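Below is one structure, written out as structure tokens, with a few remarks after it.
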Amino acid sequence: MAKLHFVLQAATSRTSADAIDKILSLKNLDRALFCVAYVRESGVRRHEAALRMVAGRTRVLIGIRNEITSVQAVERLLATGVEVFAVDTAKRERVFHPKIYLSRNGEESLLLIGSANLTRGGMARNIEASTLIALSLKEPADLAYFDEVLRTFETFRTDHPKHVFRVTDAAHARRLLEQGRLSDERVVQFPPVAGSLGAGKQRDDLPPMKLFRGATDDAPIAPLRGGPADTSEGYVCVWKSRPLKKSNLNIPTGGKQTNPTGFIGLGKGLLTDINQLTYFRSRVFKGLQWARDDPKKPHLELAQAEVRVVIKQVDYGTFTLSVRHNSNKKTATAAQDNHVTALRWGPMRDLVGKRDLLGRTLTLYRRDGLRPTFLIDID
């Protein structure tokens, strides 16, 4: 008889990721199947090692043409060795939307059915509801249910061979990206904006909800290198902070007499494999007009950047912010691998100096042009 366990992720200590760990670690596993709407690289990374262990016995059906499933996620799945099938309805308004993860051996099967996608949010961060089902394949009713699940998806695949097709390799995934059927996690065409506030208006002061957390927001991102082939219409993610602290924002850390710093240091944050002594000056802020900040200190450079600001999905418009860079590589700061580039809050000081932003993440985007422009998204 089937045994059921309810998973309300984030509101309890149970997570979708933990349930999938159990599914992939089923003893003597001889088959695994994932059928999922949205896939991101962070979700695949969470189960990468386990997938490699059962790759020859695992098939993954994923939705594409949904503006979420990414080429990076597909490439990472392919690298594990699993079979990857894309489900493309060829119509944006009709989405392949199941979230089913299952495995079996000769005697039992484990299934997770619910709302969780194979993404960072779906695995631990979002409030998701699912049921972990343990079936005994010796029980006729359990076996019939399991067979129906497998048979239904197999029939679905064979009935729609043009729309449910195997992604053969990374080159195939890149072609799907070029055709607009996969997204690029490095590019955001439009920031998530739900409204705008005029001068003198106040945003809500609600801090982030405190819940159980099976994972943090500290998912690394790749540094800007060559970038996508065409970024003229979109922003490219170039930096992501760790959870924001008082020292990052315009919030005094001591008594009333303590002056806020007025800037955020651009250290490594969640970037992987960068030289922060050169990355921000030569890559992120490439194309700005740099000048000496202090005539007596030629190693201190200053540039002005046009930055669009979105905070908690509210668009505050564009600000002119100063970027300061210290090119002296012999300082103690540089020797300790601390930040040498900083973004001055300037006209944004009062806007960001709010406690409801503590613990949130700041993402910096760049858009190329005759003069590069930037976007800050705090959420």
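Laboratory data are not the source of any read-out in this text; all were calculated from the coordinates shown. Computed from a predicted model, the values in this text were never measured in an experiment. No Cβ is skipped: glycine too gets one built from the backbone with ideal geometry, and neighbour counts run over all protein chains shown.
Worth pointing out:
- Couplings 3J(HN,Hα) for the stretch 355-365, derived from phi with the Karplus relation 6.51 cos²θ - 1.76 cosθ + 1.60 (θ = phi - 60°), are 5, 5, 8, 4, x, 7, 10, 9, 10, 10, 10 Hz, where x marks Gly and Pro.
- Option label - Kirkwood radius over Cα pairs in Å computed here, alternatives [x] 20.9; [y] 23.2; [z] 22.1: [y]
- Antiparallel bridge percentage (DSSP; both residues within the chain; nearest 5): 75 percent
- Once the Cα atoms are used to define both axes, helix 140-159 deviates from the longest principal axis of the chain by about 70 degrees.
- Our helix-only sum for the chain, with -39,500 (n - 2.57) per DSSP H run of n ≥ 4 divided by its residues, gives a mean residue ellipticity at 222 nm of -5000 deg cm²/dmol.
- For the stretch 169-178, 3J(HN,Hα) per residue [Karplus equation, 6.51 cos²θ - 1.76 cosθ + 1.60, θ = phi - 60°, Hz, x = Gly/Pro]: 6, 5, 5, 5, 4, 5, 5, 5, 5, 4
- Of the residues Thr119, Thr320, Thr155, the one that moves most in a GNM of the chain with alpha-carbon contacts below 10 Å is Thr155.
- Cα long-axis angle, helix 71-80 against the chain (0 to 90 degrees, to the nearest 10): 50 degrees
- For the stretch 66-95, trypsin sites (Lys or Arg not before Pro) meeting the loop criterion (DSSP other than H, G, I, E, B) and having at most 12 other Cβ atoms within 10 Å: Lys91, Arg92, Arg94.
- Per-residue ³J(HN,Hα) for the stretch 307-313, Karplus 6.51 cos²θ - 1.76 cosθ + 1.60, θ = phi - 60°, Hz, x for Gly and Pro: 10, 7, 10, 10, 10, 6, 6
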